[in-house]
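Step one of this worksheet: look at the structure below.
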Amino acid sequence: MSKKYRTHNCGELNIKHVGKDVLLSGWINKKRDHGNLLFIDLRDNYGITQCIIDKENSKFNELEKTPLETVIRIEGKVVNRSEDTINKEIKTGEIEIGIQKFNVLGTCKELPLPVFTDQEYAEDIRLKYRFLDLRRKKIHENIILRSKVISFIRNQMHELGFLEFQTPILTSSSPEGARDFLVPSRLNPGKFYALPQAPQQFKQLIMVSGFDKYFQIAPCFRDEDARADRSPGEFYQLDLEMSFVEQEDVFNVVETLLINTFKEFSKKKLLFNNFPKISYKEAMLKYGSDKPDLRNPLLINDITEIFLREDVSFEIFKRLVKKGSMVRCIVTKKTKDKPRSFFDNIDKWAKNQGASGLAYFTLEKDKEVSGKGPIGKFFSKESLEQIMSLTGAEIGDSIFLACSNKKDLERITSLAREKIAKDLDLIDDDTFAFCWVIDYPMFEINDVTNKIEFSHNPFSMPQGSLDNINFEKPLEILAYQYDIVCNGIELSSGAIRNHIPELMYKLFSIAGYSKNDVNQKFSGMINALSYGAPPHGGIAPGIDRIVMLLANEKNIREVTMFPMNQNAQDLMMNAPSDINDKQLKELNLSLRSKK
RNA sequence: GGGGGUGUAGCUCAGUUGGUUAGAGCGAUCGCCUGUCACGCGAUAGGUCGAGGGUUCGAGUCCCUUCACUCCCGCCA
């Protein structure tokens with residue numbers, strides 16, 4: 001046989017190959033030892049093939065003693081299995097290999113974690129031995145899925161006419177946004193590069209350079225603390241930017257791309273084939289959040305005005321409303337027969353969340369409409385009818401109310417929406433619900449400093465034009481700034497960019513930056529915009545989160561090949577690590593002694 | 001920086017009200033077994049109960065401190 005290691009892989013042999021002499025190489029996934037007969041499940045990237053050897057073979061004892069996860073080469077003949085021994089679970093289950101010879105290609109010590117199980121393991125062991133962890137079925141498949149998704153997206157982008165470019169990894173520190181990762185410069189002592197938080201400025205410069213449509217599967221670096229859906233350090237975005245476009249043009253590209261990708265890689269249903277567009281303001285009112293989960297049918301309504309009525313006697317809320325608080329509610333359909341415990345649990349839960357609780361009552365009708373439940377008696381028939389017309393509630397429905405300032409209300413009603421929907425089992429886990437959140441405000445007021453700040457990206461284009469924007473009321477200026485949300489997870493945000501220097505200076509001045517400040521801090525950008533910049537805009541969907549959704553995983557490490565732990569350490573490579581004095585000297589750095 | 005959870009054999013976990021020698025499954029080692037596919041059966045080895053301190057006649061169990069991992073808040077386009 002001319003091949004050295006294999007003639008076939010472990011996933012391709014079937015009934016058609018019976019009688020052939022083959023070479024297979026792979027890992028010993030599992031052994032089943034019958035004393036005089038030994039089954040070996042040989043595994044490689046492509047599948048598992050059962051191989052068999054018996055006492056007649058002189059190599060029997062040696063193979064019997066070879067540990068799991070040893071890499072071996074097997075020489076043998078493909079034989080078909082008898083009807084009753086066929087394994088329908090695996091692709092190669094109709095055949096097995098009668099082993100003639102074998103030899104060890106790579107030995108294996110006792111395993112720190114088993115490869116052959118679906119059990120869950122402590123994170124630090126998995127990360128330290130990631131190369132073993134990655135052999136395991138589920139995560140191995142996740143990583144392959146990730147590769148396929150990226151390659152699919154790349155093909156789609158090329159087909160849509162986008163050009164793929166690389167942008168610098170060593171760049172300059174930017175004043176806005178997240179904390180930068182810094183890299184000391186040897187040739188420029190005392191100066192530092194920063195790793196890009198995103199190729200934001202570069203992609204705009206690519207547009208100014210006339211390339212029209214750009215994309216990149218771009219690594220992004222942000223030195224912020226981790227979350228389950230946020231890697232410490234680095235993550236990937238599908239970064240894209242287009243010239244001569246309006247918001248709708250970007251939406252069309254992204255919707256096409258995401259719909260194709262999600263249809264290709266998941267069996268789950270798409271709730272909308274045209275993604276609904278929800279304004280930021282509406283999202284905050286109806287869902288209490290700018291990343292609403294539209295699988296959840298519950299809506300939030302403002303019913304503050306009810307508590308100004310003479311015929312409502314719920315004095316606690318009335319007093320708070322007089323002082324400026326608002327009242328918002330969630331209606332649950334046909335819950336009048338739910339046990340008292342259902343309501344009390346939610347109230348108790350809300351108190352645990354730091355709210356003063358969730359008041360509730362149920363709408364009933366005998367001769368006339370009445371409220372049943374702890375606070376039902378405080379509402380007149382007419383006020384209940386007004387609530388019904390404001391919220392769409394009907395007889396038999398229940399109403400949960402909270403009263404507070406706007407920010408706390410948004411927080412608690414958003415959480416309550418999720419909690420109640422879960423308790424009532426209202427969320428269809430088998431769907432993806434995408435939506436756009438649009439019309440973000442350009443500015444917001446900082447609670448602590450009471451100063452006006454950019455609420456998102458300062459380079460976003462305000463809605464309106466230089467001569468009709470009311471700069472006197474900056475908090476009312478909306479931006480062509482948009483987010484895409486799926487199942488309550490923020491997938492990306494983007495904007496039509498401000499390519500007009502004059503308008504840029506004006507907006508920055510509202511946020512307290514002088515023309516000089518802007519010229520200094522964003523010199524590359526503002527300079528470029530002064531030499532003929534096309535109108536342009538883009539977006540940057542998070543690749544890791546897209547793969548998370550497609551793989552149905554809750555943690556980003558499950559779709560990342562070599563992730564760091566929560567403290568931003570790579571336990572396998574021992575990063576970050578100490579460096580020696582020579583390196584420090586070359587970089588003109590000295591370390592402060594640690595406390 | 002703050003809050004919650006977890007930490008017992010190589011791995012996954014049990015361990016009662018504080019009470020004799022800390023257990024099980026998988027894995028390892030040895031033996032038996034020719035049709036398994038989570039093979040089966042028997043035996044053996046394997047423990048700083050995360051670490052340190054305290055209370056107690058006695059601590060895996062109670063208290064304090066501390067470390068590691070994780071989830072969340074802060075932070076984050």
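Determine which member of the set A:Ile438, A:Ile445, A:Ile427 is touching a residue at least 60 places away in the same chain (Cβ under 8 Å) and either surrounded by 19 or more Cβ atoms within 10 Å (Cβ to Cβ) or over 30 Å from A:Phe262 (Cβ atoms) (or both).
Being touching a residue at least 60 places away in the same chain (Cβ under 8 Å) and either surrounded by 19 or more Cβ atoms within 10 Å (Cβ to Cβ) or over 30 Å from A:Phe262 (Cβ atoms) (or both) holds for just one of A:Ile438, A:Ile445, A:Ile427, which is A:Ile438.
Count, please, the residues in the stretch A:219-260 that happen to be within 16 Å of RNA strand B (Cβ to nearest atom) and either touching a His at 6+ places or on another chain (Cβ under 8 Å) or within 21 Å of A:Ala533 (Cβ to Cβ) (or both).
5
Mind listing whichever residues of the stretch A:284-316 are open to solvent by less than 20 Å² (accessible area, probe 1.4 Å), of a type outside the set (A, V, I, L, M) and assigned to a helix (DSSP H, G or I)?
A:Phe307
Considering only residues that are open to solvent by less than 30 Å² (accessible area, probe 1.4 Å) and under 14 Å from A:His8 (Cα atoms), look in the stretch A:42-62 and name the one that is farthest from RNA strand B (Cβ to nearest atom).
A:Asp44
Could you please give the count of residues in the stretch A:71-103 that are assigned to a strand (DSSP E or B), among the β-branched types (Val, Ile, Thr) and closer than 16 Å to A:Lys30 by Cα?
Qualifying residue count for the region: 5.
I'm told A:Ser151 meets every condition in (1) out of contact with any Leu (no Cβ under 6 Å at 6 or more places or on another chain); (2) within 8 Å of RNA strand B (Cβ to nearest atom); (3) hydroxyl-bearing (Ser, Thr, Tyr) except one. Can you identify the failing condition by its number?
The failed condition is (2).
Checking the condition among the aliphatic types (A, V, I, L, M) and open to solvent by 50 Å² or more (accessible area, probe 1.4 Å), which residue from A:Val115, A:Val78, A:Val104 passes?
Matching residue, one of A:Val115, A:Val78, A:Val104: A:Val104.
Out of all the residues in the stretch A:155-195, which are modelled with pLDDT of 95 or more and on the phi > 0 side of the Ramachandran plot?
A:Gly161 - this is the single residue of the stretch A:155-195 that is modelled with pLDDT of 95 or more and on the phi > 0 side of the Ramachandran plot.
So is A:Gln216 open to solvent by less than 20 Å² (accessible area, probe 1.4 Å), part of a helix (DSSP H, G or I) and more than 10 Å from RNA strand B (Cβ to nearest atom) or not?
no
Looking only at residues that are of a type in the set (S, T, N, Q) and more than 19 Å from the chain's Cα centre (by Cα) in the stretch A:261-296, which one is farthest from RNA strand B (Cβ to nearest atom)?
In this case the residue turns out to be A:Asn273.
Right, A:Ala511: over 30 Å from A:Val547 (Cα atoms), surrounded by 12 or more Cβ atoms within 10 Å (Cβ to Cβ), small (Gly, Ala, Ser) and assigned by TED's automatic domain parsing to the domain that holds A:Leu270 or not?
Considered against the rule, which asks whether it is over 30 Å from A:Val547 (Cα atoms), surrounded by 12 or more Cβ atoms within 10 Å (Cβ to Cβ), small (Gly, Ala, Ser) and assigned by TED's automatic domain parsing to the domain that holds A:Leu270, A:Ala511 comes out as yes.
Of all residues being touching a residue at least 60 places away in the same chain (Cβ under 8 Å) and open to solvent by 70 Å² or more (accessible area, probe 1.4 Å) in the stretch A:402-422, which is farthest from the chain's Cα centre (by Cα)? Just the residue, please.
Among residues in the stretch A:402-422 that are touching a residue at least 60 places away in the same chain (Cβ under 8 Å) and open to solvent by 70 Å² or more (accessible area, probe 1.4 Å), the one farthest from the chain's Cα centre (by Cα) is A:Asn405.
If we scan the stretch A:198-210, do we find a residue that is more than 16 Å from RNA strand B (Cβ to nearest atom), in the same structural domain as A:His499 (by TED's automatic domain parsing) and not in a helix (DSSP H, G or I)?
yes
The values are calculated or read from the model by the stated rules, or taken from the named source; none is laboratory data. Because the structure is a prediction, the values reported are computed rather than measured. Cβ sites come from the backbone with ideal geometry, for glycine too, and all protein chains shown count toward neighbours. Remember, those area values only see protein heavy atoms, side chains included, never the ligands or the DNA or RNA. Shrake-Rupley method; radii C 1.70, N 1.55, O 1.52, S 1.80 Å.
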